[in-house]
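Right, one structure below, let's go through it.
The values are calculated or read from the model by the stated rules, or taken from the named source; none is laboratory data. If you're wondering where the values come from, they're calculated on a predicted model, not measured in any experiment. Here the Cβ positions follow ideal geometry from the backbone for every residue, glycine too, while neighbour counts run over all protein chains shown.
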């Protein structure tokens, strides 16, 4: 059974939150909204994550993780040269979904900000988990790869859910379109390798080329 | 002996884990264990026989996930048939001499209930019902609903069982380390819900070991009148050499459970990681159980918590109610749920403990609207609801969908009323407000009202409704019509408490009907009633007078330690302060309103607009203040000097100004620029973008029919035709849901060819939009507004 990982997260990165909220310059009113929302959001968060470190063998486009296989050229490429692989699921819990649902009806500005705070928190959580597991193994983590990225179909969610027992362990559910609830949840795979990846911008892998925040 | 009879006088020992034992016998990861009933019956029988041999009274069938979501009808039938046969065979083969029973095991469906998830409540009831019908047909002795981590899904399962059999129903929930269900319910709230539904026994299983579940078990024991059950895991899992182990050994497990049996636990077993060895020591001890102690607390609940009557006065917010409120009636007729939600949230923020809900209007479909209001309120607010309707059909539908134990408004001493209401309470649970009137009207003496209360109590008893589930309303009548009416009410109130031992509630503000400055008399009457023992009051929590009375009463009655609550809140209710701010706002000028909207000051925009309306015509304010402000912000957004959060804050400020305009305008005279239907497409649950577009469109004068999220194509088409909407807006966030968008467009083209379609959402691009046949791709909310202006030009 996969161990849990539930550390204390570092303080909220307000710059990142504003970026997710589509705000390049924040005035007093926006900053007030942010601080108001972050208090409410952080009280609602009930995070938890679990992960498994697995052996990895790549044959052609097929990644064999011992317990299961996934066939995807892009995943095989992302995991090339890795010693092992890690599958994990992380969630911020239903409390935040409830808040977003509430303010989606009553105050879209607040809902937007809560959504952005959730995005920042879950990303931070996943980053921390990568660091933790790679340190445990004495290796370096690659970037995360989730079902739906590149040619890895979203249906791979079902496999990850079964392997990690996401329903039972974390209370995650998949709906008919394979979207997760709580919505602020991530399932992903990353590799562990002996040398770090050269630092590349997160944006270079994203296909949304008209994003106003796109980096070089 | 049947199970029910056995349970009355005996400690009952349930079985233990199944999954880990099946894996040890070769069940592969990813293989569905329920299929083993058919393919490996000998393995299932061996495990279950071992449990019976170890002295367990109840073995559950291997049907945890046997439901119509996972299996086709034929396979499901075969699985349940074999599962029951296997357990029966195990029972016959066992040499154990104890009483033995077979329970139909029912686990969660693995999907989350709407609105947070996509599992419809009635669908869940039907899916559970299918399994129950099969189990009953193949001959189980009782139903065991277990490992449920959501109160709403638990309710669906219990209703399915109640509606399809008369067998005993045991319900066990999975609590997390915080002592609550995943969706937030406390053990106390679950006791209220489940006893209301009439289950045979209730308790907890899975997720944690016996030590960690002790607190949950104690809370259940403190509140439950029915037997409590506990099936913990064998402690917490740890991974050793790649294998999972649990950290509690059989003896320790037995000892923990034995300690709880001393406190009243009557049914025990094990869950994950436990084997027949666990609690063998316990069964060897042949523990005797304590007698059951019926609890007398009067309690209602929401999805998250219970509210108990009697300790402190309970405040019930009265504002969700169309009586005498023009704006509210308009919202109901238009189906404007956001307005109703907003009334709910404002009262919750004002500190009420319960929300009163009444949506009765002659021109609306009350069963439909009441159910919708209840569902929407319970999705965003965690306060228990007092559901008020005179229509038994509306009451039944609302109670069925209510996620908790409701306060039911109301029954009275008329035969007809009791015949209509009591069966609903008997089936769905609830505390009923009982009005002390009958066929001959409202007695004008306290004796008369107490006598009716007694009659209602006696009749309730014949329906199996205990007196703890009745709260009496001795009826506050206006003192302007009869100057002794308040005295009669107060006397009846006190006597019902003293002579019948029941709690009381009043719609306090009725007392001042027809009088000027009603708050003054309401506040004093409230204080008098509290002093005579009033348990709950339906009131306006925005009335400073009422809240001052409440805070003062609690402080004076030893209910507010160190007067802390009083000190913290009384400042909000200082009359002079509110007067002063209103005056200050009244003198401020017009340009201030524009400024407030541009800066996104929501409350200020509302109050400035209200003040301005005293001297300026409503439409003039719209033309000269609100629209110019919106234009400034909208153009700023298009020029990228104003960003999304600011745009939205301004839009919300404009909306609160518009609210004041609506109040000032005669109904239906607000000229709409046209009707737009909005929806997030089928399968997609992300609706923030759609909500943003809605807000902006409304700001710019369009009428929006918001169909919500996860909307099937047929529903979009239906709405477009019904509202004759020239424009439909569709949103999708995920690549996987874009096909649903395409399907919706195709159906619109066929059924409503004149309708234009604008699409948006994170994964969409102009090319993508063209490919699926949309008329326009809108990059953001402002682009949608501009396109709507084009369409409606």
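Inspection of the stretch B:265-278 finds no residue satisfying the criterion of being in the same structural domain as residue B:17 (by TED's automatic domain parsing), more than 19 Å from residue B:58 (Cβ to Cβ) and over 35 Å from the mean Cα position of the chain (by Cα). With respect to being part of a helix (DSSP H, G or I) and touching a residue at least 40 places away in the same chain (Cβ under 8 Å), residue B:661 fits the description. Only one of the numbered conditions (1) in a helix (DSSP H, G or I); (2) exposed (fewer than 15 other Cβ atoms within 10 Å of the Cβ); (3) more than 14 Å from every other protein chain (Cβ to nearest Cβ) is violated by residue B:754, and that is (1).
Just to check your reading of the model, which residue among B:315, B:282 is touching a residue at least 24 places away in the same chain (Cβ under 8 Å), more than 31 Å from the chain's Cα centre (by Cα) and not in a loop (DSSP other than H, G, I, E, B)? Steps first, answer last, please.
Numbers: B:315 fails: more than 31 Å from the chain's Cα centre (by Cα).
Going through B:315, B:282 in turn, the sole match is B:282.
For residue A:106, indicate whether it is within 14 Å of chain B (Cβ to nearest Cβ), touching a residue at least 12 places away in the same chain (Cβ under 8 Å) and in contact with a helix residue (DSSP H, G or I) (Cβ under 8 Å, 6 or more places away or on another chain). Steps first, please.
On the way: within 14 Å of chain B (Cβ to nearest Cβ): yes; touching a residue at least 12 places away in the same chain (Cβ under 8 Å): no; in contact with a helix residue (DSSP H, G or I) (Cβ under 8 Å, 6 or more places away or on another chain): yes.
Considered against the rule, which asks whether it is within 14 Å of chain B (Cβ to nearest Cβ), touching a residue at least 12 places away in the same chain (Cβ under 8 Å) and in contact with a helix residue (DSSP H, G or I) (Cβ under 8 Å, 6 or more places away or on another chain), residue A:106 comes out as no.
Which of the residues spanning the stretch B:39-60 are more than 21 Å from residue B:81 (Cβ to Cβ) and more than 39 Å from the chain's Cα centre (by Cα)? Don't jump to the end; show me each part of the working.
Initially, the stretch B:39-60 is screened for residues more than 21 Å from residue B:81 (Cβ to Cβ), giving B:50, B:53-57.
Those that are more than 21 Å from residue B:81 (Cβ to Cβ) and more than 39 Å from the chain's Cα centre (by Cα): B:50, B:53, B:54, B:55.
Restricting attention to the stretch A:134-154, the residues that are in a helix (DSSP H, G or I) and within 14 Å of another protein chain (Cβ to nearest Cβ) total 1. Selection over the stretch B:718-751 of residues that are within 31 Å of the chain's Cα centre (by Cα), surrounded by fewer than 23 Cβ atoms within 10 Å (Cβ to Cβ) and more than 11 Å from chain A (Cβ to nearest Cβ) gives a count of 4. Among the residues of the stretch B:758-793, the ones that are surrounded by fewer than 16 Cβ atoms within 10 Å (Cβ to Cβ), within 14 Å of chain A (Cβ to nearest Cβ) and more than 19 Å from residue B:687 (Cβ to Cβ) come to 3 in all.
Annotation note: of B:170, B:265, B:229, B:194, the sole residue that is in contact with a strand residue (DSSP E or B) (Cβ under 7 Å, 6 or more places away or on another chain), at pLDDT 95 or above and assigned to a helix (DSSP H, G or I) is B:194.
Against the list (1) more than 16 Å from residue A:103 (Cβ to Cβ); (2) within 12 Å of chain A (Cβ to nearest Cβ); (3) within 27 Å of the chain's Cα centre (by Cα), the condition residue B:694 fails is (1).
Against the list (1) within 9 Å of chain B (Cβ to nearest Cβ); (2) assigned to a helix (DSSP H, G or I); (3) without any contact (Cβ under 8 Å) to a residue 40 or more places away in the chain, the condition residue A:157 fails is (1). Here residue A:90 passes the criteria (1) in contact with a helix residue (DSSP H, G or I) (Cβ under 8 Å, 6 or more places away or on another chain); (2) surrounded by fewer than 22 Cβ atoms within 10 Å (Cβ to Cβ) except the one numbered (2).
Which residue, of B:559, B:551, is in contact with a helix residue (DSSP H, G or I) (Cβ under 9 Å, 6 or more places away or on another chain), crowded, with 21+ Cβ neighbours inside 10 Å and modelled with pLDDT of 90 or more? Working first, answer last.
Details: B:559 fails: crowded, with 21+ Cβ neighbours inside 10 Å.
From the options B:559, B:551, the qualifying one is B:551.
Among the residues making up the stretch B:128-151, those that are within 14 Å of another protein chain (Cβ to nearest Cβ) and buried (at least 23 other Cβ atoms within 10 Å of the Cβ) are B:146, B:148, B:150, B:151. Given the condition farther than 30 Å from residue A:66 by Cα and exposed (fewer than 15 other Cβ atoms within 10 Å of the Cβ), answer yes or no: does some residue in the stretch B:6-24 qualify? Yes, some residue in the stretch B:6-24 is farther than 30 Å from residue A:66 by Cα and exposed (fewer than 15 other Cβ atoms within 10 Å of the Cβ). In the stretch A:1-15, of all residues being over 16 Å from the mean Cα position of the chain (by Cα), assigned to a loop (DSSP other than H, G, I, E, B) and within 14 Å of another protein chain (Cβ to nearest Cβ), the one that is surrounded by the most Cβ atoms within 10 Å (Cβ to Cβ) corresponds to A:2.
One line per residue, one yes/no per condition, for (1) touching a helix residue (DSSP H, G or I) at 6+ places or on another chain (Cβ under 7 Å); (2) assigned to a loop (DSSP other than H, G, I, E, B); (3) touching a residue at least 60 places away in the same chain (Cβ under 8 Å):
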| position | (1), (2), (3) |
| --- | --- |
| B:199 | yes, yes, no |
| B:216 | yes, no, no |
| B:220 | yes, no, no |
| B:225 | yes, yes, yes |
| B:234 | yes, yes, yes |
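Considering each of B:129, B:90, B:85, B:124 in turn, give the residue that is more than 21 Å from residue B:170 (Cβ to Cβ), part of a helix (DSSP H, G or I) and modelled with pLDDT of 95 or more. Spell out how you get there, then give the answer.
Values: B:129 fails: more than 21 Å from residue B:170 (Cβ to Cβ); B:90 fails: more than 21 Å from residue B:170 (Cβ to Cβ); B:124 fails: more than 21 Å from residue B:170 (Cβ to Cβ).
B:85 is the lone residue from the list that is more than 21 Å from residue B:170 (Cβ to Cβ), part of a helix (DSSP H, G or I) and modelled with pLDDT of 95 or more.
Hey, any hits in the stretch A:173-187 for a residue that's away from chain B (no Cβ under 14 Å), modelled with pLDDT of 90 or more and in contact with a helix residue (DSSP H, G or I) (Cβ under 7 Å, 6 or more places away or on another chain)? Yes, that holds for at least one residue.
Taking (1) more than 7 Å from every other protein chain (Cβ to nearest Cβ); (2) within 17 Å of residue B:733 (Cβ to Cβ); (3) without any contact (Cβ under 8 Å) to a residue 12 or more places away in the chain in turn, residue A:116 satisfies each apart from (3). The lone criterion from (1) within 23 Å of the chain's Cα centre (by Cα); (2) more than 14 Å from every other protein chain (Cβ to nearest Cβ); (3) surrounded by 24 or more Cβ atoms within 10 Å (Cβ to Cβ) left unmet by residue B:175 is number (2).
The residues of the stretch A:160-172 that are within 8 Å of chain B (Cβ to nearest Cβ) and in a loop (DSSP other than H, G, I, E, B) amount to a single one, A:171.
Going through A:148, A:191 one at a time, which residue ends up being crowded, with 21+ Cβ neighbours inside 10 Å and either closer than 25 Å to residue B:110 by Cα or modelled with pLDDT of 95 or more (or both)? None of the others qualify; the one that does is A:191.
Within the stretch B:697-733, being assigned to a helix (DSSP H, G or I), free of Cβ contacts under 8 Å to residues at least 60 places away in the same chain and under 21 Å from residue B:780 (Cβ atoms) holds for one residue alone: B:698. Here residue B:347 clears all of (1) assigned to a helix (DSSP H, G or I); (2) more than 26 Å from residue B:156 (Cβ to Cβ); (3) more than 14 Å from every other protein chain (Cβ to nearest Cβ) except the condition numbered (3).
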